[in-house]
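Data first, discussion second: the structure below is written as structure tokens.
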Amino acid sequence: MIEVNQEKPDNSRVIYRAFKIQTMLSVIIITKNEEQKIRACLESVWWADEIVVVDSGSTDNTVRICQEFTDVVVQSGWSGFGAQKNKALAMAKHEWVLSLDADERVGENLRAEIISVIKNPCSKAAWNVPRKSRYCGRVMNHCGWYPDYVLRLFKKDSARFSDDLVHEKVIAQRPVGKLRNPITHHAVDNLEQSIEKMNLYSTLAAQDKFNKGEKSSLCKACLRGIWTFVRIYLFRLGFLDGAQGLMLSLANAQGTYYKYAKLTRLHRDAEQSAACSRKL
């Protein structure tokens, strides 16, 4: 790995050297056009023994920035979040793996906890990590966004990613523990980004459900959207997160509606295509 952060204090360098000798960790990240956020992500894991980046065709400076931190930057056509992360996982060389998204950061407390877990192995080969996320300028403490445990730290031979196009999960083969310190997640910076993500994720989720043979209808789409808003804003106390809590609840409700509406359209298009084929 190329160590580029020259401003790290001496005590951090001591920790890094000791960690590198005694334990082995690969950080895996997938990217596409993340030049605004990827540097902060990479700087937060400067202490790892290896960083693996799988990029799916960035047209900005993402690849160049990643190459400042690691030689392991691979270009690979997009195949869905799960498959893309499995590609990165297959390239990792070390026993332990930490999976991060480009908009996530590892703070000092979490770094120390990860090092402690790896140095002091127990029966756990995989660990859920809480995630503290920001939405349009505010840290979200409700809406189901905190602690929002995600399985990110695991032994390479004990887990893999599901093949879902979106909202992929790590499938662990052994008991899973919980870390205390959170990943910092800069999820959504503004409304434009919220709308863009909602549109992309609803499209991918609809395609994923279509591939699995799930059905929908416009009525189901409406009811699912309404239930999503009620669940997040009321039952998950989104109203306590102020204006951003309302905005996030509405955005998630819209995303759910469009996911099932798009699924309905996919089946309709497939039926029309099949009917045309029969006529021919």
Query raised in the report: Among the lysines, which have Cα under 17 Å from the Cα of K93 when same-chain residues fewer than 8 positions away are ignored?
Result: K20, K85, K155, K156
Report task. Grab the eigenvalues of the alpha-carbon gyration tensor for segment 28-81, scale each by 5, take roots, and send me the semi-axes largest first in whole angstrom. Result -> 17, 12, 9
Query - ³J(HN,Hα), Karplus 6.51/-1.76/1.60, whole Hz, each residue of segment 202-218, x for Gly, Pro - result: 5, 5, 5, 5, 5, 5, 4, 5, 4, 4, 8, x, 6, 10, 8, 7, 5
Query raised in the report: Which of A275, Q244, F229 sits farthest toward the positive end of the charge dipole of the chain, with +1 on the Cβ of Lys and Arg and -1 on the Cβ of Asp and Glu?
Result: A275
Query raised in the report: Among all stretches of the chain without exposed chymotrypsin sites (Phe, Trp or Tyr not before Pro) (DSSP loop, at most 15 other Cβ atoms within 10 Å), which one is longest?
Result: 150-280
Query - ³J(HN,Hα), Karplus 6.51/-1.76/1.60, whole Hz, each residue of segment 100-106, x for Gly, Pro - result: 10, 8, 5, 9, 10, 9, 10
Report summary line: Across C219, C66, C136, the residue with the highest GNM fluctuation in the chain (Cα network, 10 Å cutoff) is C219
Query raised in the report: Which whole-Hz couplings ³J(HN,Hα) result when phi for each residue of segment 163-172 is put into the Karplus expression 6.51 cos²θ - 1.76 cosθ + 1.60, θ = phi - 60°, listed in order with x for Gly and Pro?
Result: 8, 4, 5, 8, 6, 5, 10, 8, 9, 9
Query - Within the chain, longest stretch free of exposed GluC sites (Glu not before Pro) [DSSP loop, at most 14 other beta carbons within 10 Å] - result: 8-213
Report summary line: Counting only residues 5 or more apart in sequence or on a different chain, those whose built amide H sits under 5 Å from that of Y149 are R131
Report task. Bin width 5 Å, alpha-carbon pairs only: give the P(r) of segment 125-171 as whole percents, running from 0 to the bin holding the largest distance. Result -> 5, 19, 21, 20, 19, 11, 5, 1
**Report entry** Reachable lysines from K279, criterion Cα separation under 25 angstrom, eight or more residues apart if same chain
**Finding:** K215
Report summary line: If amide H atoms are modeled at 1.01 Å from N in the peptide plane, then the residues at a separation of 5 or more from I171, or on another chain, having amide H under 5 Å from its own are R160, F161, S162
Requested in this report: Calculate for the chain the 222 nm mean residue ellipticity that helices alone would give, adding -39,500 (n - 2.57) per DSSP H run of length 4 or more and normalising by residue count, nearest 500 deg cm²/dmol.
Outcome: -14500 deg cm²/dmol
**Report entry** For the chain, size of Cβ-based charge dipole, Lys and Arg +1, Asp and Glu -1, in debye
**Finding:** 1140
Report task. Give the long-range amide H neighbours of D60: residues separated by 5 or more places, or on another chain, with amide H under 5 Å away, using H modelled in the peptide plane at 1.01 Å from N. Result -> N33
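Read the figures in this text as sums done on the coordinates, not as results from a lab. Bear in mind that the values here come from a model prediction, so they are computed numbers and not experimental data. Ideal geometry is used to build each Cβ from the backbone, glycine not excepted, and the neighbour counts take in all protein chains shown.
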